[in-house]
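Trainee: Have a look at this one.
Since every read-out is calculated from the coordinates, none of them should be taken as a lab result. Keep in mind the model is a prediction, meaning the values are calculated, not measured. Cβ placement follows ideal geometry from the backbone for every residue including glycine, while neighbour counts extend to all protein chains displayed.
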Protein chains: 2
Amino acid sequence: MLPGLFIHHSGTANFYYATRIKVESALHLYGNDINMLIVPDMEKERAIKESCVKEVVSYSEIGYHERLKEFRDSKKALVESLKCYLKQLKTDKILIPHNFPAYLAFGLSKAFEVEIVENPFSKLRAVKRKEEIAKIRETCSAILEAFEFLKGIVRKGKKCEELRNAVELFLFERGFLAEDTILASGKLTAFPHFKGEGDVEEHVVVDIFPKSRTHGYYGDFTRTILIEPEKEIEEMLEAVIEAKQKGIEVIREGVKARDVHGTVCDVLESYGYKTLRSKSSEGFIHSTGHGVGLEVHEEPRIFENDDVLKAGMVFTVEPGLYYLKWGGVRVEDTVVVTKRGCEVLTPYPDRVRL
Amino acid sequence: MLPGLFIHHSGTANFYYATRIKVESALHLYGNDINMLIVPDMEKERAIKESCVKEVVSYSEIGYHERLKEFRDSKKALVESLKCYLKQLKTDKILIPHNFPAYLAFGLSKAFEVEIVENPFSKLRAVKRKEEIAKIRETCSAILEAFEFLKGIVRKGKKCEELRNAVELFLFERGFLAEDTILASGKLTAFPHFKGEGDVEEHVVVDIFPKSRTHGYYGDFTRTILIEPEKEIEEMLEAVIEAKQKGIEVIREGVKARDVHGTVCDVLESYGYKTLRSKSSEGFIHSTGHGVGLEVHEEPRIFENDDVLKAGMVFTVEPGLYYLKWGGVRVEDTVVVTKRGCEVLTPYPDRVRL
């Protein structure tokens, strides 16, 4: 039971999850026995047909167009008509998510008590239903096929851009959309999110995170391919592989996110690498993982937070090490939490050498 | 000169336009002799390398991590460290865009005068530079090739889903990403944004709006293909074609958006069709067009607004008519405004019949 009327806006995964419709400039009202969409007039009929929210109100029906004539400002018109409409609903307290547009937040706060809350759909989304896990599994299988395909064509001296394109096309043909796939080589792999360009050198970091073009669920997977690696890179990779494996071993329902992250850091530090625990700007400089679903980065975060893992949560375990002098390495699996452990949705050998 | 320090957040086309980097959880500070990025620590080096903004400050450098330890809440930690950092910059007035996240807006408003303003980069983006027009032209050419390809395979009884997939694959292979391409047939074409499913029937509305996978610029184009159309659909299409042509004829630098929209409505009403001017829920139930660039819907809007057209603006002209009884039709071109007229970037015959 929410302590007020929750309102969020279209264009987010939470909105899509809650309403099952892609539509621009729409709002979803939820709570206090209300479950309602407010949409531009031209979308009303489609919203009734496509959305799982069955009460659909158009901009006209909340008096938007009269106010647009009056103010000649679409944003002000929406704020004023929404304020008036919410008054009719006998709402006192409005709950909004963190990313709610500021102009609506400020506008409503002039007429109501407005409180920012965690989007209730974020928390729902963090624990996947069976059919959602099946969808993520589908995407993960496609990733592994794409990686296998890549392994067959990657060679020293080939261009990262061409290989990325080939992998993304391979996935698209099979119904999956990958954008900004990381296929990076050389010293610049020391930047975790560097996409990669130019020649393939001694080792390649491949991070593939497509979504299904049918159902929209993501998967996420990284392997580091060794070609003629320097000793430091090989050693870093071994530490990262052990950290990932140990991290995965501690995952089960009831464990805290911080304990998974802590295990990963322990392993890396045991080999003398730095982590964020010592505020280092080199070494393991990001979190252990993030939820995967309708977004590639969603709840839960696997870092120094106290979130308790629940069966059905799907997230990545992705330790990496990054040094400007040598470059970076990373391995990453997507896993789903179970009562007694977890299942790896991207089962693939950790060591890949050409 | 901005009357304060403008701050916007990553994840928007404006942020990308202003900074030339794709990065999560970043802020761009602009104005008062400041042009600065604030990014998570792990992104700092990449931001220095990739972004056109050369002053890059990390979360650590604004004291984020101490506050995260203190509050154990990443959002609160960002608000508090940002407040403190902005105080050091001797800022009194903060300007934010409409879509700024509510939690940051509320947080900052406790320490500063905060004003919501039109994002200055939206206005800059509305008028395209030569090289941007070249990029949009490239995407538009690909669209026309894809439409020509589609014309060769569309037949009565084929599935809309299969045809959509074929068109999107055709574009992807050539370096363009189309999602949610509208390929709709039958009575449900009466919903302007219905994607289409099931059999191709008497007429097909095809709305293709891909972006380049290299440079990110969109194009937008619609034609209605007649197969064995009912008389009403043929008549509606003729009116819509004339409305589009007359609309395009009035476009030149100095004309108001509302005059283009007015011309389109005049033509449609002259044939007895309803428009939004009479608040009809059938007929021409949307605006005449929208800007096209790094987003498929951006400034300027071509509706009942007073925006004055400038040379270099790129937008769509897309009248349509929608009746539940008969279905819908639409034709759409992307055009660029010139001193004395406009150039159509999607030159293609208006009448397409199998």
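Trainee: Taking the Kirkwood radius as the inverse of the mean 1/r across Cα pairs, report the Rg/Rh of chain B. Walk me through the intermediate numbers first.
Mentor: On the way: Rg = 23.4 Å, Rh = 22.2 Å.
Using only Cα positions, Rg/Rh for chain B is 1.05.
Trainee: What list do you get for A:Arg155, A:Arg46, B:Arg213 if you sort them by fewest beta carbons within 10 Å?
Mentor: Working: A:Arg155 10, A:Arg46 20, B:Arg213 17.
With the sparsest Cβ surroundings first, the list reads A:Arg155, B:Arg213, A:Arg46.
Trainee: Now a separate question. Could you line up A:Asp41, B:Asp333 from fewest to most neighbouring Cβ atoms inside 10 Å? Working shown, then result.
Mentor: Numbers: A:Asp41 18, B:Asp333 26.
Starting with the residue having the fewest Cβ neighbours, the order is A:Asp41, B:Asp333.
Trainee: Given the convex hull of the Cα atoms of the stretch A:5-125, what is a quarter of its surface area in nm²?
Mentor: Working: hull surface 27.4 nm².
Mean orientational projected area (the stretch A:5-125, Cα hull): 6.8 nm².
Trainee: Where a Cα-Cα gap under 12 Å defines reach, which aspartates and glutamates qualify for A:Lys93, not counting those fewer than 8 residues away within the same chain?
Mentor: Answer for A:Lys93, where 12 Å is the Cα cut-off: A:Glu113, A:Glu115, listed by chain and number.
Trainee: Grab the Cα-Cα distance for B:Ser280 and B:Glu145, subtract it from 0.36 nm times how many residues apart they are, and report the gain in nm with one decimal. Could the numbers behind the result be given before it?
Mentor: Details: separation 135, 0.36 × 135 = 48.60 nm, distance 3.61 nm.
Full extension from B:Ser280 to B:Glu145 adds 45.0 nm.
Trainee: What pairs from A:Lys75/B:Lys195; A:Lys76/B:Lys87; A:Lys274/B:Lys69; A:Lys110/B:Lys90; A:Lys44/B:Lys159; B:Lys195/B:Lys279 go past 23 Å between their alpha carbons? Walk me through the numbers on the way to the answer.
Mentor: Numbers: A:Lys75/B:Lys195 28 Å; A:Lys76/B:Lys87 30 Å; A:Lys274/B:Lys69 19 Å; A:Lys110/B:Lys90 28 Å; A:Lys44/B:Lys159 25 Å; B:Lys195/B:Lys279 25 Å.
Flagged as over cut-off: A:Lys75/B:Lys195; A:Lys76/B:Lys87; A:Lys110/B:Lys90; A:Lys44/B:Lys159; B:Lys195/B:Lys279.
Trainee: Between A:His98 and A:Ile34, what FRET efficiency comes out of the Förster formula 1/(1 + (r/R0)^6) with R0 = 30 Å and r the beta carbon distance, rounded to 0.05?
Mentor: Numbers: r = 21 Å, r/R0 = 0.71.
Working from the Cβ atoms, E equals 0.90.
Trainee: Trypsin sites (Lys or Arg not before Pro), restricted to the stretch A:221-296: which are DSSP loop and have at most 15 other Cβ atoms within 10 Å? Could you put the intermediate results ahead of the total?
Mentor: Numbers: sites: A:Arg223, A:Lys231, A:Lys244, A:Lys246, A:Arg252, A:Lys256, A:Arg258, A:Lys274, A:Arg277, A:Lys279; in loops: A:Arg252, A:Lys274, A:Lys279.
For trypsin sites (Lys or Arg not before Pro) across the stretch A:221-296 that sit outside H, G, I, E and B with at most 15 neighbouring Cβ atoms in 10 Å, the list reads A:Arg252, A:Lys279.
Trainee: Still on this structure, please answer the following. Could you give me the ³J(HN,Hα) list for the stretch B:99-109, computed from phi with Karplus coefficients 6.51, -1.76, 1.60 and θ = phi - 60°, whole Hz, x at Gly and Pro?
Mentor: Coupling constants for the stretch B:99-109: 8, 4, x, 4, 5, 6, 4, 4, x, 5, 5 Hz.
Trainee: Could I ask something else about it? How many angstrom separate the Cα center of the stretch A:314-343 from the Cα center of the stretch B:280-316?
Mentor: Between the Cα centres of the stretch A:314-343 and the stretch B:280-316 lies a distance of 45 Å.
Trainee: Among DSSP beta bridges lying fully in chain B, give the percent that are antiparallel, nearest 5.
Mentor: Working: 42 of 55 bridges.
Antiparallel: roughly 75 percent of the beta bridges in chain B.
Trainee: While we're here: For peptide B:279-286, how many partner chain Cβ atoms fall within 10 Å of a residue's Cβ, on average?
Mentor: Numbers: counts 4, 1, 6, 1, 0, 1, 6, 4.
Mean shielding count: 3.
Trainee: From the P(r) of the stretch B:84-170, could you give the percentage of C-alpha pairs in the tail past 21 Å?
Mentor: On the way: 2302 of 3741 pairs.
Across the stretch B:84-170, Cα pairs with separations above 21 Å total 62 percent.
Trainee: Rounded to the nearest 20 debye, what is the charge dipole size of the protein assembly as shown about its Cα centre when +1 sits on each Lys and Arg Cβ and -1 on each Asp and Glu Cβ? Could you put the intermediate results ahead of the total?
Mentor: Numbers: 104 positive and 114 negative charges, 143 e Å.
Result for the protein assembly as shown is approximately 680 debye, rounded to the nearest 20.
Trainee: Can you spot the lysines whose alpha carbon is less than 20 Å from A:Lys135's alpha carbon? Ignore those fewer than 8 places along the same chain.
Mentor: A:Lys22, A:Lys123, A:Lys211, A:Lys310
Trainee: Quantify how strongly other chains surround peptide B:168-178 by giving the mean number of their Cβ atoms within 10 Å of each of its Cβ atoms. Kindly include the intermediate steps, with their values, before the conclusion.
Mentor: Details: counts 3, 4, 0, 1, 7, 4, 0, 2, 0, 4, 0.
Partner Cβ neighbours, averaged per residue: 2.
Trainee: Which value in Å is the Kirkwood Rh of the stretch B:221-342 over different Cα pairs? Kindly include the intermediate steps, with their values, before the conclusion.
Mentor: Details: mean 1/r = 0.0695 Å⁻¹.
Value: 14.4 Å, from the Cα pair sum.
Trainee: Along Cα→Cβ, 7 Å out, is where each label goes; now give me the distance between the ones at B:Leu89 and B:Arg340 in nm to one decimal.
Mentor: If labels sit at B:Leu89 and B:Arg340, their model points lie 4.7 nm apart.
Trainee: Leaving out same-chain residues fewer than 8 places away, which aspartates and glutamates sit with a Cα under 14 Å from that of B:Lys54?
Mentor: Within reach: B:Asp33, B:Glu43, B:Glu45.
Trainee: Continuing with the same structure: List, shortest first and in nm to one decimal, how far the label point of B:Glu55 (7 Å from Cα along Cα→Cβ) is from its counterparts in the other copies.
Mentor: Inter-copy label distances (nm, one decimal, shortest first): 5.0.
Trainee: Same structure, new question: Please report the antiparallel percentage of the DSSP beta bridges confined to the protein assembly as shown, to the nearest 5. Can you show the working numbers first?
Mentor: Details: 85 of 111 bridges.
Roughly 75 percent of the beta bridges in the protein assembly as shown run antiparallel, per DSSP.
Trainee: Follow-up question, since we're still on this one. Please compute the average number of Cβ atoms from other chains found within 10 Å of each residue's Cβ in peptide B:105-114.
Mentor: On the way: counts 8, 10, 1, 1, 4, 0, 0, 0, 0, 2.
If you average over the peptide's residues, the count of other-chain Cβ atoms is 3.
Trainee: Between copies, how far does the label point of A:Leu169 sit from its twins, in nm, shortest first, when each point is 7 Å from Cα along Cα→Cβ?
Mentor: Label point to label point, same position, other copies: 1.3 nm.
Trainee: Another one. May I ask you to report, in nm to one decimal and beginning with the shortest, the distances from A:Lys90 to the same position in the other copies, taking label points 7 Å along Cα-to-Cβ?
Mentor: Computed spacing set for this position: 5.6 nm.
Trainee: Per residue of the stretch A:112-118, what does 6.51 cos²θ - 1.76 cosθ + 1.60 with θ = phi - 60° give for ³J(HN,Hα)? Whole Hz please, x for Gly and Pro, Karplus curve as stated.
Mentor: Working through the residues one at a time gives 9, 6, 10, 10, 7, 10, 4 Hz.
Trainee: Identify the GluC sites (Glu not before Pro) of the stretch A:1-82 meeting these criteria: DSSP loop state and at most 14 other C-beta atoms within 10 Å of the C-beta. Write down the numbers at each step before the final one.
Mentor: Values: sites: A:Glu24, A:Glu43, A:Glu45, A:Glu50, A:Glu55, A:Glu61, A:Glu66, A:Glu70, A:Glu80; in loops: A:Glu24.
Hits after loop and neighbour filter: A:Glu24.
Trainee: Order these by the 10 Å Cβ neighbour count, fewest first: A:Val314, A:Val167, B:Val308. Write down the numbers at each step before the final one.
Mentor: Values: A:Val314 29, A:Val167 23, B:Val308 13.
Ascending number of Cβ neighbours within 10 Å: B:Val308, A:Val167, A:Val314.
Trainee: For a quick check: with amide H placed at 1.01 Å from N, whose amide H comes under 5 Å from B:Gly186's, ignoring anything fewer than 5 positions away on the same chain?
Mentor: B:Glu201, B:Glu202, B:His203
Trainee: Starting from the stretch B:238-316, pick out the chymotrypsin sites (Phe, Trp or Tyr not before Pro) whose DSSP state is loop and whose Cβ has at most 15 other Cβ atoms within 10 Å. Please list the in-between numbers first.
Mentor: Values: sites: B:Tyr271, B:Tyr273, B:Phe284, B:Phe303, B:Phe315; in loops: B:Tyr271, B:Tyr273, B:Phe303.
Qualifying residues, ordered by number: B:Tyr271.
Trainee: Please quote Rg/Rh for the protein assembly as shown to two decimal places, taking the Kirkwood radius as Rh and restricting both calculations to Cα atoms. All intermediate terms of the calculation are to be shown ahead of the outcome.
Mentor: Details: Rg = 26.1 Å, Rh = 27.1 Å.
In the protein assembly as shown, Rg relative to Rh is 0.96.
Trainee: Another question, if that's okay. How many angstrom lie between the Cα centre of the stretch B:139-184 and the Cα centre of the stretch B:74-100?
Mentor: Value for the Cα centre distance between the two parts: 45 Å.
Trainee: Grab the other residues whose beta carbon is less than 12 angstrom from that of A:Gly341, score K and R as +1, D and E as -1, and report the net.
Mentor: Details: positive: A:Arg252, A:Lys339, A:Arg340; negative: A:Glu249, A:Glu253, A:Glu343.
Taking every Cβ under 12 Å from that of A:Gly341, the sum is 0.
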